[in-house]
Amino acid sequence: MSSQFNRSEKARERWKLLAKALKGERSDETCQSAVSVRRFGSYGLLQTQELSTQQDVKNQGSTWHRYTCPVVQNFSMSIRHLAGTIKPETVFGFNNTGNVCVWPSEEVMAYHTQTYLNDFSGAAVCELGGGMTCLAGVMLSILSDAESMLLTDGNEESVDNLNKIIENNASAFGKTKVTSRMLRWGSGPVEEALVEKFDIILCADCLFFDDGRKDLVDLVYTMLKPKGKVLMYAPRRGKTFDQFVALAGVKFHTVVKEEYDPTVWSLHKKMEAKGLEHYDANIHFPLYLSMERINETS
C-alpha cells in the first residue's frame, strides 16, 4: 500500500513540474528533485566550474562551464548549458530531453572513452543524440587524434548550442575537424553523405522511446563503415535496453558489459550499498554496449 502511495505522490509531483513547464517557470527540480525521474545528477567523474556572470545569464538565458577531469592532466573544455526553464515545446517537441540537463550516461561515456583514446586515432566519429553538450564528442575532439567528429542531436536548439560550443573550443581541437548538425532517426532515408561514413558511432541513453529503437538500429547500420563499431552507454530502464540489444542482434554482433570501468563500477556499487533513495541503477547506471556490423561476407 505504501509503495502505491509513493507512486501516486511522485505522479502528482511530476504533474506539478509539467504545470510549471507550461507556464514557462524555472524547473531546476526537473534535474535535481527527489521526485524527478532524473533524481541522481552525477557520478562526479567530471568537475565543473561556472564561468558565466549574472549578466550573461540574464541576457542569454544560458551558462558557460569549465569542465575538467581529475584523471586527465592539462585538460579543460568550455561547455554551454541551456537555461533551466522548460517551455511547452520542450515538453512536447522532438525528443528535447537532451537540452534539459546533462544525463549520467553522457558523463560516463565522456569519462570512459578517454581511457582508450588510441581507438579513435585517424577515425571518423559521430555522436548521435548528444543533446545540448555532446560531452563525449567534444572531449574526444580535444584529447584524441580523430580525423573528424560530427556532433548531432534531433533538436534544433541543442544543435545551435553545439555550434557555440564548437566555436568556443576550436583552438583546442588540433587537426580534428569538428562539425555539428541536426539528425533524427526514422524521419526518412539517410543522406548519401552519411552512408558508410563513420568508423565509430557514439550514443548515450537514447533507447527509451519504443518507436525509435528499430529506426536507431537501421540508422547506425547505414552510417557505419563495414568494419566500424558502435559504442553505446545506456541504463537498463526496465526492458528497453534488452529490447534494443535484441533488435540490434539482427544486424550486429553485440557485446554487453556491466563492469567495463573499475572507477565507474566502484562508484555504482558504493551508491547501491548506501541504499540512497535518489539513486536507481535501473535508470541511472549505464551499461556498455559495443556493436559491430554483420556484413554479407562475414
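Observations
- Length gained on full extension, MET182 to GLU272, computed as 0.36 nm times the residue gap minus the Cα-Cα distance: 28.7 nm.
- Within-12-Å neighbourhood charge of ALA136 [Cβ basis; K, R +1; D, E -1]: -4
- For MET149, residues with placed amide H under 5 Å, excluding near neighbours: VAL125, LYS177, VAL178, THR179
- Per-selection Rg to Rh, segment 95-293 - Cα, Kirkwood hydrodynamic radius: 0.94
- Close amide H partners of LYS229, meaning residues 5 or more places away or on another chain with modelled amide H under 5 Å apart, are ILE200, ILE201.
- For segment 123-173, the fraction of C-alpha pairs farther apart than 12 angstrom is 59 percent.
Every read-out reported here was derived from the displayed coordinates using simple, explicitly stated rules and does not represent laboratory data. None of the values given here were measured: they were computed from a predicted structure. Note that each Cβ is placed from the backbone with ideal geometry, even for glycine, and that neighbours are counted across all protein chains shown.
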